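Report on the following structure.
The values are calculated or read from the model by the stated rules, or taken from the named source; none is laboratory data. Note that this is a predicted model, so its numbers are computed, not measured. Here the Cβ positions follow ideal geometry from the backbone for every residue, glycine too, while neighbour counts run over all protein chains shown.
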């Protein structure tokens, strides 16, 4: 049997403890919702996921996904100089400083 490591933030770990207690029946759903400052429905759904997928079910699904706003490496390095020179300088009558 192999051991699987899961990385959780402190907030996710605290949330897991409360939801795990609720899933085990040691804590009522309304009390868990009260502790997490959520509504009962917002606690019941992760509780079901906790039962099905263990602690891994509570980790954010957005983690380790690339951003939608990434620039290509070549474009990102040339962007500020090209943009400033072509758009900002003539429009705001700003002159470049001599080197």
Filter result (in a helix (DSSP H, G or I) and touching a residue at least 12 places away in the same chain (Cβ under 8 Å)) within segment 1-31: 12, 15, 16, 18, 19, 20, 22, 23, 29
One residue from 44, 53, 34 being modelled with pLDDT under 85, part of a helix (DSSP H, G or I) and surrounded by 11 or more Cβ atoms within 10 Å (Cβ to Cβ): 53
